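The values are calculated or read from the model by the stated rules, or taken from the named source; none is laboratory data. Small disclaimer: the values here were computed from a predicted structure and weren't measured. Each accessible area value is taken on the protein alone, full model and side chains, heavy atoms only, with ligands, DNA and RNA left out. Shrake-Rupley method; radii C 1.70, N 1.55, O 1.52, S 1.80 Å.
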Amino acid sequence: MAREFDIFFGLEAATNEGLSSLMKDATVDQTVLGIEVARRLGYGVTGNFVIDPAWGEADFERLWAFVERHQLHQAGFTILTPLPGTSYFDQMRPKLRARRWAHFDMHHALWEPSLGAARFFELYCETWRRSVLNLRGRKSLWQWMREVDPRNALFLIRALRRTQRLMQPAHYLAEYDLAPPTESITSVPVGAMSRC
């Protein structure tokens, strides 16, 4: 019975420093132990990691190595997003340059990445390409189709087709829209940000 279920883990980071900076009350060793226990009991493991725009290439490489070492190919990756109403939002507010509230969705960079937008999104997309959602990677469309009830096949095809954008830097760059450095979110009244 357990084999039919995945446990979703908010893994968040592949290093203790990363976990600490996200104020996660866990260590990498504890994370790995949780994964091992879930697998020993027959559960699948689905996890999520947070990608920080402050990262350099070595940070992405550490994440990829962690994912590979622990076989976490069924994972999601979100971009660090300071959410309004949190102390982290208040701390980051001077740095935030998002023009639209809709970009506070954990899939848009809200300030200039350390690597620059083009390289950051190349590496972010490479991270997604290493996941199970990449139809050119570990699991083909036909493998997905064998595992789904035929009544849900069309829904699955549509969902997988949409997810393929996660692996295309051009998709993110087309929506990358930051205000000039002199115009941070602190200089824009909250109601003035576009609602689209």
Normalised convex hull volume, the chain, alpha-carbon set, Å³ per residue: 144 Å³
How tilted is helix 153-163 with respect to the longest principal axis of the chain? Cα atoms for both, answer in degrees (0 to 90, nearest 10). 40 degrees
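Does the stretch 1-70 come out rounded, prolate or oblate by the C-alpha gyration tensor, with a ≥ b ≥ c the root eigenvalues, rounded set by a/c under 1.5 and, if not, prolate when a/b is larger than b/c and oblate if not?
Verdict is prolate for the stretch 1-70.
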Quick one: with all protein chains in place, what share of the accessible area of the chain is carbon or sulfur, to the nearest percent (1.4 Å probe)? 54 percent
Given a 1.4 Å probe, how much area per residue of the chain is accessible, in Å²? 58 Å²
Averaged over all viewing directions, the convex hull of the alpha carbons in the stretch 20-110 casts a projected area in nm² of 7.1 nm²
